[in-house]
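First comes the structure, then the notes that go with it.
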């Protein structure tokens with residue numbers, strides 16, 4: 001029985017960081033690139049941008065002139081008479097509304113482009129988070145899969161040892177309970193891994209049956225003030241809010257100008273029955289006595305003020321997001337450093353446990369309890385590493401810029 005357990009101890013955790021070579025590893029940058037290429041929501045947003053560009057084109061078009069021809073044919077007592085008029089007219093409201101309409105449409109185009117950038121960053125973050133979670137889920141599944149198989153073998157061998165009197169009935173039941181425990185952990189790890197595989201495959205349009213992943217080393221943390229300044233410059237939602245403020249101001253101006261009198265000018269050539277002919281000039285001006293577009297002006301003004309308050313609130317929210325994300329990244333990094341300083345290598349811990357068991361210093365039950373405690377610690381270590389990598393991506397999302405790019409920018413200055 002001791003030989004079986006020692007075999008288990010030597011193998012259970014040695015597979016924790018082994019990467020199989022049956023398929024070519026997929027890097028995080030390649031996964032993000034694939035997702036940004038195949039994400040349907042990005043294609044939809046690009047079509048929305050085309051729609052807004054079409055609206056911008058319409059806003060800048062000049063009104064078409066209207067050409068009309070009028071002819072009168074009159075008869076009285078055998079006499080024929082009449083006149084005809086050839087005229088063209090053009091509304092003049094575009095002279096004071098076209099500029100503001102173009103500003104509104106242009107701001108809408110910019111807003112949709114910032115929305116596309118925001119969606120790209122959101123897709124990047126979701127892929128990064130899923131990639132990291134999947135990577136460490138694979139590691140946990142490998143450990144629990146091996147542990148479950150070895151405990152099943154130990155339990156089957158224990159049946160023989162029990163009959164031979166080498167171990168008690170209690171010890172055999174204890175081994176079977178441990179085998180069931182690791183079988184449950186393996187099943188739960190497999191379910192989690194399958195869900196993450198489907199999610200990651202959907203993002204990157206992966207058609208193969210497996211994904212072997214490899215992670216890059218985490219980046220160094222950045223100064224808080226630098227991170228906030230970069231967030232103010234690169235956060236797409238903040239840039240979109242500023243654009244909407246400009247659009248709101250332009251809409252307010254346009255609403256007020258639409259309350260100005262409607263004006264139309266006409267030029268015509270007229271020939272009368274008496275032979276007189278010549279040019280005719282006509283100007284029509286509406287009298288804004290009742291309708292001066294007051295309601296639309298109030299709506300546009302309120303919308304403009306709302307956008308300004310939203311931008312100010314978002315600026316404060318961005319600062320809080322960056323500070324919170326940076327704190328998480330820093331604290332997880334400190335925990336990782338402490339763990340690396342106090343944690344002994346897996347092989348040395350297992351060697352000590354194996355030696356103590358062989359020397360009779362530990363009973364079988366004590367050994368099994370120790371293995372479970374170490375297994376829990378191993379799982380906690382993987383969870384901490386996953387949280388650490390994810391917190392980096394949360395900080396990059398809060399800043400709106402990858403930390404690697406910030407480091408390159410600081411080196412070039």
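The values are calculated or read from the model by the stated rules, or taken from the named source; none is laboratory data. Since we're looking at a predicted model, the values are computed, not measured. Quick reminder, even Gly has a Cβ in these numbers, built from the backbone with ideal geometry, and neighbours come from all protein chains shown.
One residue is enough: does region 219-229 have a residue meeting the conditions over 16 Å from residue 321 (Cβ atoms), outside any helix (DSSP H, G or I) and in contact with a helix residue (DSSP H, G or I) (Cβ under 6 Å, 6 or more places away or on another chain)? Yes, region 219-229 has at least one match.
So if I check each of 247, 279, which one is exposed (fewer than 15 other Cβ atoms within 10 Å of the Cβ) and modelled with pLDDT of 85 or more? Write out each step before concluding.
Details: 247 fails: exposed (fewer than 15 other Cβ atoms within 10 Å of the Cβ).
Within the list 247, 279, the selection yields 279.
With the requirement that a residue be within 30 Å of residue 217 (Cβ to Cβ) and touching a residue at least 60 places away in the same chain (Cβ under 8 Å), what does region 304-341 give you? Give the derivation first.
Within region 304-341, the first condition is being within 30 Å of residue 217 (Cβ to Cβ), and the residues that meet it are 318-341.
Selection gives 318, 319, 321, 322, 323, 324, 325, 326, 328, 329, 330, 333.
Among the helices (runs of 4 or more DSSP H) confined to region 1-115, the ones with at least 3 residues that are over 26 Å from residue 138 (Cβ atoms) and modelled with pLDDT of 90 or more are located at 40-59. Regarding region 360-382, can at least one residue be identified that is modelled with pLDDT of 80 or more, more than 23 Å from residue 177 (Cβ to Cβ) and surrounded by 13 or more Cβ atoms within 10 Å (Cβ to Cβ)? Yes.
The single condition among (1) free of Cβ contacts under 8 Å to residues at least 40 places away in the same chain; (2) touching a strand residue (DSSP E or B) at 6+ places or on another chain (Cβ under 7 Å) that residue 207 does not satisfy is (2).
With respect to residue 252, is the statement that it is part of a loop (DSSP other than H, G, I, E, B), in contact (Cβ under 8 Å) with a residue 40 or more places away in the chain and touching a helix residue (DSSP H, G or I) at 6+ places or on another chain (Cβ under 7 Å) true? Taking the combined requirement at face value, the residue does not satisfy it.
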